[in-house]
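Student: There's a structure below that I have some questions on.
The values are calculated or read from the model by the stated rules, or taken from the named source; none is laboratory data. Predicted model only: the values in this text are computed from it and were never measured. Positions of Cβ are backbone-derived with ideal geometry, glycine not excepted, and every protein chain shown enters the neighbour counts. Heads up: the accessible areas ignore ligands, DNA and RNA and are worked out on the full protein's heavy atoms, side chains in. Shrake-Rupley method; radii C 1.70, N 1.55, O 1.52, S 1.80 Å.
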Amino acid sequence: MSIWVLRGLRDGVVTTRWPAKPDPYADGWRGPARALGPVNSVDPALCPTGAISPQGIDQGKCILCGRCVAERPDLFAWSQGATGPAAAALARNALVIGEPPETDEAVDAVRARLRDRTAALRRSVHVRHVDAGSDGSEEWEIQALLDIGRLGVFFTASPRHADVLLVTGAGAHGMSGPLRTTYDGMPEPKVVIAVGTDAVSGGLLSESEAVTGGVSATVPVDVWLPGSPPSPFGILNALLIAVGQLAGGGKGAR
């Protein structure tokens, strides 16, 4: 073993005790905008990505520009907290805040299916990251997670060793083939996480002919994580949800 590894184990600094203990940074993270009431009278042009509709606000399209919060603080506010079940969704339509919420039974059923798919992973989870046309902001947040091996999660360069596919970017057409090849090369069971608003819906580029408007057009998505970009805690929270390790109420790993 390298002497630098031994020194790191001896002298390394633990920057957070999450998920074993609460973390003020995670609890105070500013997430996508949320509606404080009915927004059917709001001009949809207020949002540059079209996230606002009579049904509510689609957090999967929110890029955190803050225009709605600044101009209509009576109707919009920032969501708070990077962790917990509400910070990521198991279904795309669950990100449309304002529609009737999913029932507890439906959410439990989806989590149970994910838990069954990933039961064999236990606490040795290998993650493959693919940039499918990102602006680079999500990659900076992912880099902050490169030391999460202490939680039993490891990044791998080979899809054949990966359990979880972490996808960023709006789904550039040039990356559709490599992304699908990566997904097909992963062994079962496998989980796909769309990281960030671009990966969820295409973001500002959703109408561009250069992208597919999100990565779900190329690979099946299991966990949807909004944010532009989402925080490192949000990404880790989505990983925990993906492997069925997040207990109800966001109380941490198994």
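Student: Among residues belonging to segment 78-95 that are open to solvent by less than 30 Å² (accessible area, probe 1.4 Å) and touching a strand residue (DSSP E or B) at 6+ places or on another chain (Cβ under 6 Å), point out the one that is modelled with the highest pLDDT.
Tutor: 79
Student: Do we find that residue 219 is assigned to a loop (DSSP other than H, G, I, E, B) and of a type in the set (A, V, I, L, M, F, W, C) in this structure?
Tutor: In short, yes.
Student: To continue, here is another question. Of all residues being in contact with a Pro (Cβ under 9 Å, 6 or more places away or on another chain) and open to solvent by less than 10 Å² (accessible area, probe 1.4 Å) in segment 149-185, which is nearest to residue 241 (Cα to Cα)? Just the residue, please.
Tutor: The qualifying residue nearest to residue 241 (Cα to Cα) is 165.
Student: Any residue in segment 231-254 that's within 21 Å of residue 197 (Cβ to Cβ) and modelled with pLDDT of 50 or more: show its pairings with residues that are among the polar types (S, T, N, Q) and buried (at least 24 other Cβ atoms within 10 Å of the Cβ) at Cβ separation under 8 Å, as long as the two are six or more apart or on different chains.
Tutor: From segment 231-254, the pairs are 233/83; 234/83; 236/83; 237/83.
Student: Residues 216, 208, 228: which one is farther than 19 Å from residue 91 by Cβ, among the small types (Gly, Ala, Ser), within 18 Å of the chain's Cα centre (by Cα) and open to solvent by 30 Å² or more (accessible area, probe 1.4 Å)?
Tutor: Working: 216 fails: farther than 19 Å from residue 91 by Cβ; 208 fails: within 18 Å of the chain's Cα centre (by Cα).
After ruling out the rest, the residue left standing is 228.
Student: Of all residues in segment 150-162, which are assigned to a loop (DSSP other than H, G, I, E, B) and either among the hydroxyl-bearing types (Ser, Thr, Tyr) or closer than 17 Å to residue 178 by Cα (or both)?
Tutor: The answer is 156, 157, 158, 162.
Student: Taking segment 18-37 as the region of interest, how many residues are touching a residue at least 24 places away in the same chain (Cβ under 8 Å) and part of a loop (DSSP other than H, G, I, E, B)?
Tutor: Narrowing segment 18-37 to residues touching a residue at least 24 places away in the same chain (Cβ under 8 Å): 18-20, 23, 25-37.
Checking the rest, the ones that are also part of a loop (DSSP other than H, G, I, E, B) come to 18-20, 23, 28-29, 36-37.
The number of residues fulfilling the criteria is 8.
Student: Looking only at segment 174-205, count how many residues are at negative phi and either over 13 Å from the mean Cα position of the chain (by Cα) or of a type in the set (D, E, K, R) (or both).
Tutor: 20
Student: Going residue by residue through segment 200-219, is there one that turns out to be touching a residue at least 12 places away in the same chain (Cβ under 8 Å), in contact with a Pro (Cβ under 6 Å, 6 or more places away or on another chain) and among the aliphatic types (A, V, I, L, M)?
Tutor: yes
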